[in-house]
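Note sheet for the following structure.
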Amino acid sequence: RIKLAIVGRPNVGKSTLINTLLGEERVIAYDLPGTTRDAIEIEFDHGDRKYTLIDTAGLRKRGRVFESIEKFSVIKTLQAIEASNVAVLVLDAQTEISEQDAHIAGFIVESGRALVVAINKWDGLDDYNKEWIEREFNRKLRFLNFAKMHKISALKGFGVGALLRSVNEAHDAAFGKLSTPRLTRVLREAVEQQAPPRRGMFRPKLRYAHQGGQNPPVVVVHGNQLEAVPESYRRYLETRFRRAFKLDGTPLRIHFKSSRNPYA
Ligand SMILES: Nc1nc2c(ncn2[C@@H]2O[C@H](COP(=O)(O)OP(=O)(O)OP(=O)(O)O)[C@@H](O)[C@H]2O)c(=O)[nH]1
Ligand SMILES: [Mg+2]
């Protein structure tokens, strides 16, 4: 089963999206922020896939800290994200991207869960507002660029099928098997095109790579002097691995593991 957490601010349409996926009114959706109180799990089959949907209470934030009444739902949302394989971050196209949206997005990225973004309530937007919300998204949530973004209307049902396909894709990317020979080949090609910068007498030597985990995928790179690999080079490798293994929709972690002997 794919564990799919539906998360976002209050009133963005999380429960409506779940009802639309199920094709029936199973959870309460209502135009009152805070309608869903507790996280609810619902089993759902579609095509040859099985899902457990997790509906969560919307997270709100006032001032600098989450208010204590909200603490419970914050913890529930964090738990739902932790317990999931894939998270759908629901945003409201009819309001600006807020700090809370960015906050929840940050939780998801930290957790390493696969992610699909749904910009909901796309119905009834004029062209000006469509462009505006896209700019908002690109400006404020650029760090989600590993994730697919869908413009949907949970209420009218459009975009929901494509969203689900991206969920499957993100799930498969998060659980992909990355073989040591292929990882190592991609690593060597990357180094050939652009070697890591020298530090002092040594240039870090990247020898081979193997997979160290799933959901998120972890690539462990072995070599020497790897402490000296700069962040920019790590990002370069990330791009290369992403492209080679089609890792759309999932964070990717790269760990460096140096062997003791620098002359080995
Ligand atoms: N126009 C429009 N309205 C929508 C859409 N999706 C949801 N809504 C409306 O937005 C309101 C809130 O929807 P809910 O599904 O209850 O939102 P929620 O995210 O579950 O809210 P909480 O449980 O309070 O966190 C309802 O009045 C919905 O009818 C949409 O695609 N378009
Ligand atoms: Mg709800």
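The values are calculated or read from the model by the stated rules, or taken from the named source; none is laboratory data. Predicted, not measured: the structure shown is a model, and the values here were computed from it. Heads up, the Cβs are rebuilt from the backbone with ideal geometry, glycines too, and the neighbour counts pull from every protein chain shown. For accessibility, only protein heavy atoms count, side chains too; no ligands or nucleic acids. Shrake-Rupley method; radii C 1.70, N 1.55, O 1.52, S 1.80 Å.
So how much accessible area does residue 28 have, in Å² to the nearest 10, using a 1.4 Å probe?
Approximately 120 Å² of residue 28 is accessible to the 1.4 Å probe.
For residue 180 and residue 135 in the same chain, what is the full-extension length gain: residue separation times 0.36 nm, less their Cα-Cα distance, in nm?
12.2 nm
If the chain between residue 82 and residue 214 were fully stretched, how many nm would it gain, using 0.36 nm times the residue separation less the Cα-Cα distance?
46.1 nm
Roughly how many nanometres apart are two label points built 7 Å out from the Cα toward the Cβ at residue 162 and residue 198?
The modelled label-to-label distance comes out at 5.0 nm.
Given the options 147, 195, 105, state which has the largest fluctuation in a GNM of the chain using a 10 Å cut-off (strictly under) for Cα springs.
Greatest mean-square fluctuation among the candidates belongs to 195.
Could you go through the range 16-24 in sequence order and give the Karplus-derived ³J(HN,Hα) for each residue, using 6.51 cos²θ - 1.76 cosθ + 1.60 with θ = phi - 60°, rounded to whole Hz, and x for Gly and Pro?
My calculation for the range 16-24 gives 4, 4, 5, 4, 5, 4, 7, x, 7 Hz in order.
From largest accessible area down, sort 115, 21; use a 1.4 Å probe on the protein chains. Write down the numbers at each step before the final one.
Values: 115 0, 21 25 Å².
From most accessible down to least: 21, 115.
Counting only GluC sites (Glu not before Pro) that sit in a DSSP loop (anything but H, G, I, E, B) with at most 13 other Cβ atoms within 10 Å, what is the longest stretch of the chain containing none of them? Spell out each step's value before the answer.
Values: sites that count: 24, 25, 67, 96.
Excluding the exposed sites themselves, the longest stretch runs over 97-264.
To the nearest 10 degrees, how steep is helix 180-193 against the longest Cα principal axis of the chain, on a 0 to 90 scale?
With rounding to tens, the tilt is 70 degrees.
Apply the Kirkwood formula to the chain: the hydrodynamic radius equals the inverse of the mean of 1/r over all pairs of different alpha-carbon atoms; give it in Å with one decimal.
19.9 Å
Heads up, I need the accessible area for residue 36: 1.4 angstrom probe, whole protein in place, Å², nearest 10.
20 Å²
State the antiparallel share, in %, of DSSP beta bridges confined to the range 2-174, rounding to the nearest 5.
On the way: 9 of 30 bridges.
Once the DSSP bridges in the range 2-174 are tallied, antiparallel ones form about 30 percent.
Counting only chymotrypsin sites (Phe, Trp or Tyr not before Pro) that sit in a DSSP loop (anything but H, G, I, E, B) with at most 13 other Cβ atoms within 10 Å, what is the longest stretch of the chain containing none of them? The partial results should precede the final answer.
On the way: sites that count: 30, 263.
Between the exposed loop sites, the longest stretch runs 31-262.
By how many nm would the segment from residue 172 to residue 257 lengthen if fully extended, with 0.36 nm per residue of separation less the alpha-carbon distance?
In short, 28.0 nm is gained.
Tell me which trypsin sites (Lys or Arg not before Pro) from the range 164-264 have a DSSP coil assignment and no more than 12 other beta carbons within 10 Å of their own.
177, 198, 246, 260
Can you tell me the orientation of helix 231-245 relative to the chain, as the angle in degrees between its alpha-carbon axis and the longest Cα principal axis, to the nearest 10?
The two axes meet at around 70 degrees.
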